[in-house]
Amino acid sequence: MEIAARRLGLKITTLSEDTELDLALDGADQVQWRSLDLVKGGGAALLREKIVDSATKKLVIIIDEKKLAKTLGGEQPIPVEITPFAYHTTLAKINKMSEKAALREAPSGKVGPVVTDNGNLIVDAYYRNLRRPDIINEKLRNIPGVVETGLFLEMCDVAYVGRKDGKVDILRRS
């Protein structure tokens, strides 16, 4: 992506050079169509993505129509980044407030849990639907051992939704 951006003449920077960004382009695992609240972290980089996305003046999300949802949750887990220390205790607390929660296992060929770039673990927490994702986000973040959640609330400004027929819908946060 960086190479393509440079070819187009876009300025590329780091958060060490610029602490506030003009624009961030990203994808998402799920987008709630009215609020444009997001679920991210399927790739286990949710903490880093949240830092970048929170440092931008405008966050643009690009998805296909399968990732658009009336409410967050359902079959899409909410990733939660947790510390490895006493992870069983943290996982048990997440389990008490979700329908199901499990430590994300590494893809086939590797043994053990997924480890993030920050050395943390990922728990996938399931909720049928999140009518108030803000409350769940706050409750999860208040659990000792939770570093961050994959709920990106009130962050997305515009979402481009690719349709099967080749058209693109542009959604703006109200």
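Hey, among K67, K50, K96, K57, which residue is over 13 Å from the mean Cα position of the chain (by Cα) and under 25 Å from L25 (Cβ atoms)?
Testing whether each residue is over 13 Å from the mean Cα position of the chain (by Cα) and under 25 Å from L25 (Cβ atoms) leaves just K57.
Residues V168, V114, V161, V123: which one is surrounded by fewer than 20 Cβ atoms within 10 Å (Cβ to Cβ) and in contact with a helix residue (DSSP H, G or I) (Cβ under 9 Å, 6 or more places away or on another chain)?
None of the others qualify; the one that does is V161.
Contact list please: Cβ distance under 7 Å, first residue in segment 26-44 and closer than 26 Å to P113 by Cα and part of a loop (DSSP other than H, G, I, E, B), second residue modelled with pLDDT of 95 or more and hydroxyl-bearing (S, T, Y), pairs at least six apart or on different chains.
The qualifying pairs are A44/T116.
Residue by residue through segment 84-104, note down the ones that are in contact (Cβ under 8 Å) with a residue 40 or more places away in the chain and in contact with a Pro (Cβ under 9 Å, 6 or more places away or on another chain).
Answer for segment 84-104, where residues must be in contact (Cβ under 8 Å) with a residue 40 or more places away in the chain and in contact with a Pro (Cβ under 9 Å, 6 or more places away or on another chain): A86, Y87, T89, T90, K93, R104.
Table: residues versus (1) closer than 21 Å to E75 by Cβ; (2) at pLDDT 95 or above; (3) within 15 Å of the chain's Cα centre (by Cα).
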| site | (1), (2), (3) |
| --- | --- |
| T116 | no, yes, yes |
| N129 | yes, no, no |
| K139 | no, yes, no |
| F152 | yes, yes, yes |
| K167 | no, yes, no |
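Looking only at segment 47-62, decide whether some residue is surrounded by fewer than 18 Cβ atoms within 10 Å (Cβ to Cβ), of a type in the set (D, E, K, R) and part of a strand (DSSP E or B).
Taking every residue of segment 47-62 in turn, at least one turns out to be surrounded by fewer than 18 Cβ atoms within 10 Å (Cβ to Cβ), of a type in the set (D, E, K, R) and part of a strand (DSSP E or B).
Between residues in segment 62-75 that are over 21 Å from L23 (Cβ atoms) and residues that are hydrophobic (A, V, I, L, M, F, W, C) and part of a loop (DSSP other than H, G, I, E, B), which pairs lie under 9 Å by C-beta distance while being six or more apart or on different chains?
L68/W33; A69/W33; K70/W33
The values are calculated or read from the model by the stated rules, or taken from the named source; none is laboratory data. Treat the numbers as computed from the prediction; the structure is a model and nothing was measured. Every residue, glycine among them, receives a Cβ derived from its backbone with ideal geometry; neighbour counts consider all protein chains shown.
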